[in-house]
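All remarks here apply to the structure that follows.
The values are calculated or read from the model by the stated rules, or taken from the named source; none is laboratory data. Remember, it's a predicted structure, so these values are computed and weren't measured experimentally. Counting neighbours? That spans all protein chains shown, and the Cβs are built from the backbone with ideal geometry, glycine included. The protein model used for the area step is the full one, side chains on, heavy atoms only, and it has no ligands, DNA or RNA in it. Shrake-Rupley method; radii C 1.70, N 1.55, O 1.52, S 1.80 Å.
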Amino acid sequence: MIDAGANLGFARANNLGMKQTLGSLILLLNPDTIVSAGAIYRLIAALDARPDAAIAGPRLVNRDGRAELSFGAMMSPLAELRQKALVRGNDRGVGGIAAYVEWLTRHPRDVDWVSGACMLVRRADAEAVGLMDERYFMYAEDVDFCAAVRARGRRVLFAPDAAIVHFRGQSRATASAATQQAYRRSQMAFYDKHHPGWARALRVYLKLSGRLPDTTIKQ
């Protein structure tokens, strides 16, 4: 147990933990999870079978066993719209969407990113990209981390043979104002870094919709 003395945010806290480890593989795992028997070994096996891969993420399910869409395409306006539609439809139990998410999460595949709630990472790759970008306090740091790894020609795997129960927090629709502000700050930081052409349009949209975060607030 490491006492950071304060809430450092997801990226900084994970970096602090990674720096204290010694093994060739690093497991990032949220505290709101339950690891099923053999899941970690299956993640290890997935990486062992793919020397070209740097990261493997498991199939995440909620307490009722419903699959969580814990991977996706590189974050962009269209990708975000698609991801939100699938996540919200799945959360609400919309028949066709829930069935589609269930199907998607039953098949192993190379993906652009996997959820930071649980990911197994090769130390060499994590260190090669400088660990997680600490400008993200909460949200988007896992997508950014996977993007940095892929930029080096390495792969990210979704490994559904490994299953983890994830007691996911509030949906963004019911999240606190502070949580929504944190998401918007990370979203803007991500677009500034990866999609500068879209960043200005995003700021205009957030301002017009009354959701532009106060970036002067210290985390």
Quiz item: When the Debye formula is applied to the Cα atoms of segment 96-145, each taken as the same point scatterer, what base-10 log of I(q)/I(0) results at q = 0.20, 0.24 Å⁻¹?
Solution: -0.82, -1.00
Quiz item: Taking amide hydrogens as modeled 1.01 Å from N in the peptide plane, which residues meet the under 5 Å criterion relative to E68, leaving out close sequence neighbours?
Solution: L60, V61, N62
Quiz prompt | Accessible surface, segment 1-132, averaged per residue in Å² (probe 1.4 Å) | solution = 52 Å²
Quiz item: Using the Cα atoms of the chain to build a convex hull, what is its mean projected area in square nanometres?
Solution: 12.5 nm²
Self-check item: Karplus 3J(HN,Hα) series, Hz, for segment 18-27 with 6.51 cos²θ - 1.76 cosθ + 1.60 (x for Gly, Pro)
Solution: 4, 5, 8, 9, 10, x, 6, 10, 10, 9
Quiz prompt | Charge-dipole axis of the chain as Lys and Arg at +1 and Asp and Glu at -1 on Cβ define it, positive-most pick from P213, Y41, A147 | solution = P213
Quiz item: Can you give the convex hull volume of the alpha carbon atoms of segment 92-205 per residue, in Å³?
Solution: 146 Å³
Exercise. Scan around A162 for amide H atoms under 5 Å from its own, H built in the peptide plane at 1.01 Å from N, and keep only partners 5 or more places away or cross-chain.
Key: R59
Quiz prompt | Chain lengthening between D192 and D161 when straightened (0.36 nm per residue, less Cα-Cα) | solution = 7.6 nm
Quiz item: Dipole magnitude of segment 112-163 about its Cα centre, charges +1 at Lys/Arg Cβ and -1 at Asp/Glu Cβ only, in debye to the nearest 20?
Solution: 240 debye
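For the chain, what is the mean residue ellipticity at 222 nm derived from helices alone (per DSSP H run of n ≥ 4: -39500 (n - 2.57); sum divided by total residues; nearest 500 deg cm²/dmol)?
That comes out to -13000 deg cm²/dmol.
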Quiz item: Counting other Cβ atoms within 10 Å of each Cβ, which trypsin sites (Lys or Arg not before Pro) in segment 1-98 have at most 16 and sit in a DSSP loop?
Solution: R63, R66, R92
Quiz item: Once the piece of chain linking L208 and K84 is laid out straight, how much longer is it, given 0.36 nm per residue of separation minus the C-alpha distance between them?
Solution: 42.6 nm
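Run the numbers for H107 and A124: contour at 0.36 nm per residue of separation, minus the present Cα-Cα distance, in nm.
3.4 nm
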Exercise. Using Cα pairs closer than 8 Å and at least 6 residues apart in sequence, work out the relative contact order for segment 85-219, in percent.
Key: 23 percent
Exercise. Report, to the nearest whole %, how much of the accessible area of the chain belongs to carbon and sulfur atoms, 1.4 Å probe, protein only.
Key: 55 percent
Quiz prompt | Separation of the R63 and L22 label points, Cα + 7 Å toward Cβ, nm | solution = 3.8 nm
Exercise. For segment 95-112, take each phi angle, set θ = phi - 60°, evaluate the Karplus expression 6.51 cos²θ - 1.76 cosθ + 1.60, and give the result in whole Hz per residue in order, putting x for glycine and proline.
Key: x, x, 5, 4, 5, 5, 5, 4, 5, 4, 8, 9, 10, x, 6, 7, 10, 7
Quiz item: With charges set only on the Cβ (+1 for Lys and Arg, -1 for Asp and Glu), what does the dipole of the chain come to about its Cα centre, in debye to the nearest 20?
Solution: 540 debye
Exercise. May I ask for the percentage of alpha-carbon pairs in segment 53-146 that lie more than 21 Å from each other?
Key: 35 percent
Quiz prompt | Estimated vicinal HN-Hα couplings, Hz - segment 66-75 in sequence order (Karplus 6.51, -1.76, 1.60; Gly, Pro = x) | solution = 6, 5, 9, 7, 9, 8, x, 7, 3, 4
